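Encoded as structure tokens, the structure appears first; notes follow it.
Bear in mind these aren't lab numbers, they're just calculated from the coordinates by the rules spelled out. Only a predicted model underlies this, so the values are computations on that prediction, with no experimental measurement involved. Here the Cβ positions follow ideal geometry from the backbone for every residue, glycine too, while neighbour counts run over all protein chains shown.
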Amino acid sequence: MSEFIPGQRWISNTESSLGLGLVTSISNRRVEILFPAVGEERTYADDNAPLSRVIYPVGEHVRNASGLKLKITAFQELNGYIVYQAEDETGELSVLEEKDLDSSVHFSKPHDRLFAGQVDKLSRFQLRVETLKHQFTHLQSESYGLLGPRVQLLPHQLYIAHQVARRYAPRVLLADEVGLGKTIEAGLVLHQQLVSGKVSRALIVVPDSLIHQWLIEMLRRFNLRFTILDELRCEALELSDEGVNPFETAQLVLCNLSFLKSSPERLVQALDAGWDMLVVDEAHHLVWSEEESSPEYICIEALAREVKGLLLLTATPEQLGVDSHFARLRLLDPDRYYSLAQFRDEETGYQPVSKLVEQLLAEDAREQLKDAPEIFSQLGSYLGEEVAHELQQELENDSLDQAITDAVDSLLDHHGTGRVLFRNTRDGMTGFPQRVLHSYPLPGPDFYLESEQQLLDQADLEERLHPELILADRWLEADPRVEWLVDWLKDNRDLKALVICANAATAKSLEEHLRLYEGVRSAVFHEGMTLVNRDRAAAYFADEDESAQVLICSEIGSEGRNFQFASDLVLFDLPLNPDLLEQRIGRLDRIGQRNDVQIHVPHYEFSAQAVLLDWFHRGLNCFERACPVGQVLFDQFLEELIPALFEEFDEVHVEELITATRKEADRLLDELQQGRDRLLELNSCNPAKADLIAESMEVTGNSIELSRYMEKMFDQFGVEQQVHGSNSIILSPGDHMHYDSLPGLPAEGMTATYSRTLALGREDMQFLTWEHPLVMGTMDIVTEGDFGNTAVCSIKLPPLKPGTLLLESIYTLHCAAPKKIQIQRYLPQTLSRIVVDTNGTDLSAILTEAHINNLAERVGRRQSVEIVKHTRSEISSMVDRVEAIAETQLPAMLSEAQQKVQTLLGVEQDRLKALAQVNPNIRQEEIDYLAQTRSDLEQYLESATMKLDAVRVIIAT
């Protein structure tokens, strides 16, 4: 290390962004450096300061403090202080002291950093190259944008997300049945569009009761941090910044529909905020008719006109009638769906096509084609005689199955509402468990029936359905449901049980009683707890080793959390609404549940509880299977149901109500079954394609490879790692981190796992994938900065004479373009590695990367600086040589990229143009967007260059 002298110029090896530093004072073995470019000062120990002396060689171009560009013609060292002779662009000479150099200089090119003495560790260079490779692989993957979310790899969800997310400004109706994951599908689409840059601002509008569920789902499953806006929040923002539009203060906003509906001012602000995507949940609540629209519908219609991308979510697209279904489609594309009468005619016209598809997909399709030649004429009328003739030619060949698949794909493309509507049903899916109801009629407590009879007569519906409200302080010792639960838990110690009751107070008291007085390992989960405490309770219940046997939840336990690792559900009481009952059961009854769901319902015999249980079970059949018509029947029979809950147990009256309900339920279910559009089902999930997407995610999301890579990354960045379990780690900022903070790493640290299986059961853990903010953030720091872009090493290799100098250069194909057009997906392998010796001989094929990495030995930093200093002219010549070699590789790379653009976008553009002639669901703006994107890509590719990304100097010993 040179001696420090005031006025000298040095640069920080760890904070090169500070620019040139100026020595201001030296005392007590400390040196103070001022960095004028950023106005900051640092103090270092003078014997191990992470600094490099900056001395410009003759011929270098620099700027003085006034910004005047000068060329160094000579320099002189005076007692360690440098005085330069320089000339300006006119050739006029001047004296330039080093203290008068421009402080804002940044050594951006690898060889500039190398010559400035900024030599990185060998491990950093290797990590940089590895990072570039991983980024390229990830960007090229078919599962790009879908890897990050904490979701099961379910084919129907992945297929919908893949189909919708790759479109420009998708406008679709997601209408899967309850339990099939519409929220997850919407989240997958939104996540992919955000990661790819197609979307930067999104607004989610939901009913009041679901706002916190969506907030948690988006954060825990997708790492998307939404800001909730309500009136209080808006007023606070306006007070702190007068004139601000609250909806413009965040990129991702979540609000409830009633908030927008009730305030015209807030709706106008939302309309002015410029969103890329709008997501609306429970869209069937938006009421529309040809005569009148509800305020909610008008509100969403106004937003839908302004926002390019739109996702509508509903589990009942046709349940409320064709008019209601048309109303939803009208929001998606008012130009396409402008006439209800025309829509009714179109729906009727799809039936023959649907029947044709059924025939083609039948197991005896070959025999049907032979026996029914009219099938070919039908096919010819829909797809053209040429397609029908080709299929007929394949009738006797082994390739008939593929020909049928192609024909069905064409029919799906050409007909139906499949492009704007996706609907999967449980009947068409596999993997769901059975539901088994166990009811336990219990005699009511004596004093409840006798001394409290007057209170019971005066009780309202809430108290009748929740007797603990009547029993008050005595309920824990008097309520037979408590005794039953204690006995059941003791008889089934090996089972995990989720207990749900309506009220938080009930849940708290019940859990406390079980834990303190009955010795049951239990946890409680209710809305009065903080998010952290809820996480702890859920984690205690989910733990495989030392865990709670039972989790007692208030009603919030039926929203937003999934506990499918348990299979026993105890309903301590029953909700009045069948949809809420389905939400409760849905915490366990989900795809991925490995056991039948056992539903236990303790209740007072001859009570309102018993009547409601009977009506749900025999009338709606909503315990043993999902009931898609439950809400409709509830609204229809509510006026008859309520009196039955208040009357003395009247078996005849109850039986009549149940019979009428069952009859109407069968009728509605039959209508739904007959109304299922086979074209729509096939378009909503193609199992073969979905399996390919899942396979791609398994390969690309290799957790072992990621964990090994991130372990090296954490070591380099100073992140502390501790083993937490067999598949989990604890990460926390270390005392010697090279950055104040890292994206996605909280100051308090976090527990994380690379295992998707564990992450699904432990929502308190972060799920680390290639798309997690911490992984992507650290990768960006490496590749977008100068981390590891210089290195010096030595190797022992007999063919090389000691003292032989080699230069290994890493080039990338650089093409500046907007993120949203995803130019990286069309580029070939962009990493080019070139190794040359001092004679300019290309040794890349002989000295492979693996070969050098295996032989490379560390060279001390001071020694590395000296090697570079004494071989600067040779290194400069080698840099010129590798640049010439890299330039020769550019044309072939660009040609391959242009061909890929032509193949992928050109074919899709032609396909959509042809489809638009027969299927009006193809939007012209989609075709226009493809054409514009193709033109933009070709234009940006013309300016692509080979960029020197990193250099490694190799000296033979």
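What to note about this one:
- Annotation note: GluC sites (Glu not before Pro) in segment 676-771 located in DSSP loop regions with a Cβ neighbour count of at most 11 within 10 Å are 748.
- Separation of the alpha carbons by more than 28 angstrom is noted, of 99/869; 819/900; 109/900; 71/801; 182/712; 182/308, for 109/900; 71/801; 182/712.
- Folded to 0 to 90 degrees: helix 480-491 orientation relative to the chain principal axis, Cα: 60
- Counting only DSSP H runs of at least 4 residues, each contributing -39500 (n - 2.57), and dividing by the residue count of the chain, the helix-based mean residue ellipticity at 222 nm comes to -13500 deg cm²/dmol.
- Whether segment 215-262 is rounded, prolate or oblate, judged on the alpha carbon gyration tensor where a/c under 1.5 counts as rounded: oblate
- DSSP beta bridges fully contained in the chain are about 55 percent antiparallel.
- Each peptide in 158-171, 787-800 receives the mean, over its residues, of other Cβ atoms within 10 Å, and ordering these scores from highest gives 158-171, 787-800.
- The charge dipole of segment 435-675, taken about its Cα centre with unit charges on the Cβ atoms of Lys, Arg (+1), Asp and Glu (-1) only, comes to about 1160 debye.
- A simple charge model with +1 on the Cβ of Lys and Arg, -1 on the Cβ of Asp and Glu and nothing else charged puts the dipole of segment 707-773 at about 320 debye relative to its Cα centre.
- Charge context of residue 835, other residues only, Cβ under 13 angstrom, K/R +1, D/E -1: -1
- For residue 640 and residue 851, the difference between the fully extended length at 0.36 nm per residue and the C-alpha to C-alpha distance is 67.8 nm.
- Helix 374-383 axis, angle to the chain major axis (alpha carbon atoms, nearest 10°): 50
- Here the Karplus relation 6.51 cos²θ - 1.76 cosθ + 1.60, evaluated at θ = phi - 60°, turns the backbone of segment 782-787 into coupling constants of 5, 7, 8, x, 9, 4 Hz, with x for every Gly and Pro.
- Per-pair calculated FRET efficiency, R0 = 35 Å: residue 735 and residue 462 via Cβ, rounded to 0.05: 0.05
- Potential lengthening of the chain between residue 942 and residue 521 amounts to 144.9 nm, from the contour at 0.36 nm per residue minus the alpha-carbon distance.
- What you get for the chain, charging only the Cβ of Lys and Arg (+1) and of Asp and Glu (-1), is a dipole of about 4640 debye around the Cα centre.
- Rounded FRET efficiency, nearest 0.05, which uses the C-beta distance separating residue 726 from residue 888 and R0 of 41 Å: 0.20
- The Cα-based radius of gyration of segment 9-106, divided by its Kirkwood radius, gives an Rg/Rh of 0.99.
- Loop-located trypsin sites (Lys or Arg not before Pro) across segment 482-562 with a Cβ neighbour count of 16 or fewer within 10 Å are 493, 521, with loop assigned by DSSP.
- Qualifying GluC sites (Glu not before Pro) in segment 575-674, where qualification requires a DSSP coil assignment and no more than 10 other C-beta atoms within 10 Å, comprise 648.
- R0 of 22 Å, Cβ-Cβ distance residue 913-residue 335: FRET efficiency to nearest 0.05: 0.75
- Given (1) -0.93, -1.13; (2) -0.77, -1.17; (3) -0.95, -1.26, the label whose value is log10 I(q)/I(0) by the Debye sum over Cα atoms at q = 0.08, 0.10 Å⁻¹ derived from this model: (3)
- Toward the positive end of the charge dipole of segment 155-333, with +1 on the Cβ of Lys and Arg and -1 on the Cβ of Asp and Glu, the farthest Cα among 162, 213, 186 is that of 162.
- Using the average count of surrounding beta-carbon atoms within 10 Å as a protection proxy, the listed peptides 28-41, 65-78 rank, highest first, as 28-41, 65-78.
- The angle separating the long axis of helix 651-675 from the principal Cα axis of greatest extent in the chain is about 50 degrees.
- Per-peptide packing, taken as the mean over residues of other Cβ atoms within 10 Å, places 842-848, 53-59 in the sequence 53-59, 842-848 from highest down.
- Extension gain from residue 862 to residue 831, taking 0.36 nm per residue of separation minus the Cα-Cα distance: 8.2 nm
- For segment 435-675: rounded, prolate or oblate by the Cα gyration tensor [a/c cutoff 1.5]: oblate
- The antiparallel fraction among DSSP beta bridges confined to segment 155-333 stands at about 5%.
- Fewest neighbouring Cβ atoms within 10 Å first, the residues 475, 484 line up as 484, 475.
- Segment 877-918 and segment 599-632: distance between their alpha carbon centers, rounded to Å: 62
- Lys/Arg +1, Asp/Glu -1 at C-beta; segment 20-146 dipole; positive extreme among 129, 81, 70: 129
- Ellipsoid semi-axes in whole angstrom, largest first, where each is sqrt(5λ) of the Cα gyration tensor of segment 480-585: 19, 16, 14
- Computed from label points 7 Å out along Cα-Cβ, the spacing between residue 48 and residue 395 is 8.7 nm.
- Net charge of neighbours whose Cβ lies under 9 Å from the Cβ of residue 435, counting Lys and Arg as +1 and Asp and Glu as -1: -2
- Along segment 625-639 the Karplus relation, 6.51 cos²θ - 1.76 cosθ + 1.60 evaluated at θ = phi - 60°, assigns HN-Hα couplings of 7, 5, 10, x, 9, x, 5, 4, 5, 4, 5, 6, 9, 4, 5 Hz to successive residues, with x for each Gly and Pro.
- Separation in nanometres of the label points that stand 7 Å from Cα toward Cβ, at residue 595 and residue 797: 6.1
- Backbone HN-Hα couplings from phi across segment 229-235 [Karplus 6.51/-1.76/1.60, Hz, Gly and Pro as x]: 10, 9, 4, 4, 5, 4, 5
- Cysteines having no other Cys beta carbon under 4.7 Å from their own, within the chain: 234, 255, 299, 501, 553, 685, 793, 815
- Farthest toward positive dipole pole in the chain [+1 Lys/Arg, -1 Asp/Glu at C-beta], among 439, 554, 94: 94
- Here the label points at residue 232 and residue 903, each 7 Å from Cα along the C-beta direction, are separated by 5.8 nm in the simple model.
- Local charge for residue 98 was computed over the other residues whose Cβ lies under 15 Å away, with Lys and Arg +1 and Asp and Glu -1, and equals -2.
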